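What follows is a set of notes on a single structure, which appears directly below.
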Amino acid sequence: MANEVMLRLPGMEEYFTQEAYKFLRTNIQFCGADIKTIAITSSGTNEGKTTISMHLAASLAELGKRVLLVDTDMRKSVMAGRYSNVKHPRGLSELLSGQCRVVDVLYRVQEPRINIVFSGQYPPNPAELLSSNYFDQFLTSAKENYDYILLDTAPLGMVVDAAVVASKCDGAIFVIGEGVHAPQAQEVLDMLQKSGCKVLGAVMNQVGSRKNGYYQRYGKYGKYGKRYQAAEK
């Protein structure tokens, strides 16, 4: 039996927010029945991709779909610490490095049709773990048990991990937050397309949000680039 965790989803009581996620959900369904694994990424930090991933999972579950949400951001994730009541859980990094089994990292939330795999502790080689056959086998097995697998990735405009994940997925969603310039967005879009992944579309987020609003308080990745460079040396 999966471990249990309470997931906090900001905006669940906001009507227009939920309608927007239903619209996103419908568009994804019209992309085709063969779209099961979906990478969700952005250009940089603080654009809301993690919240969008969680809300999309909840929206799909409302239709009776079995959803697996996987946090593949093993460099600087905020999903477990900020949006759940579990601290420092074992997750994807431990699974892909052979330290535990799938059952040890699988969490069940208050919505019984959603399971979550958190990112786990920061490893020295995230890109290599995501490129491994173990990750391929994990996704293949997940497809047999879930209707949708949503993979929240690191920002593609900062590290290459999201392109590695996207290359193994049926499609990708590109989240564009307030303040992102066209050249930045185009660069990330080009990287997604070069990965061979089908870009399902873009989600404009934080449109018209105030500077002191919720979306300005997302976690900071800080030394993201430095961590990536250190891992590559």
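The values are calculated or read from the model by the stated rules, or taken from the named source; none is laboratory data. Quantities reported herein were computed from a predicted structural model and do not represent experimental measurements. Every residue, glycine among them, receives a Cβ derived from its backbone with ideal geometry; neighbour counts consider all protein chains shown. Accessible surface areas use protein heavy atoms only, side chains included; no ligands, DNA or RNA. Shrake-Rupley method; radii C 1.70, N 1.55, O 1.52, S 1.80 Å.
Less than 5 angstrom separates the built amide H of Val70 from those of Val117, Leu150, Leu151, Asp152, all sequence-distant by 5 or more or on a different chain. Which percent of the accessible heavy-atom area of the chain goes to carbon and sulfur, probe 1.4 angstrom? Ligands and nucleic acids excluded, carbon and sulfur give 51 percent. Computed with a 1.4 Å probe over protein heavy atoms only, the accessible surface of the chain comes to 49 Å² per residue. Extension gain for Gln99-Gln137 works out to 12.1 nm (0.36 nm per residue, less the C-alpha to C-alpha distance). 3J(HN,Hα) along segment 173-179: 10, 9, 8, 10, x, 5, x Hz, from the Karplus curve 6.51 cos²θ - 1.76 cosθ + 1.60 with θ = phi - 60°, whole Hz, x for Gly and Pro. Normalised by the number of residues in the chain, the average gap of Cα pairs under 8 Å and 6 or more apart makes the relative contact order 29 percent.
Proximity of backbone amide H atoms, modeled 1.01 Å from N, is registered between Leu156 and Ser42 at under 5 Å, excluding neighbours fewer than 5 places apart on the same chain. Cross-link pairs exceeding 21 Å in C-alpha to C-alpha distance, out of Lys22/Lys194; Lys65/Lys194; Lys168/Lys194; Lys36/Lys168; Lys22/Lys168, comprise Lys22/Lys194; Lys65/Lys194; Lys22/Lys168. Note on segment 38-157: Rg/Rh from C-alpha atoms, Kirkwood Rh, equals 0.93. For segment 1-92, the relative contact order comes to 35 percent (Cα pairs under 8 Å, sequence separation of at least 6).
Each peptide among 44-51, 125-132, 68-75 gets the average number of other Cβ atoms lying within 10 Å of its residues, and from highest to lowest they stand as 68-75, 44-51, 125-132.
Couplings 3J(HN,Hα) of segment 54-60, computed from phi: 5, 5, 5, 4, 5, 5, 5 Hz, in residue order, whole Hz [Karplus 6.51 cos²θ - 1.76 cosθ + 1.60, θ = phi - 60°; x for Gly and Pro].
Between amide H atoms placed 1.01 Å from N, distances below 5 Å from Leu106 occur with Asn3, all of them 5 or more places distant or on a separate chain.
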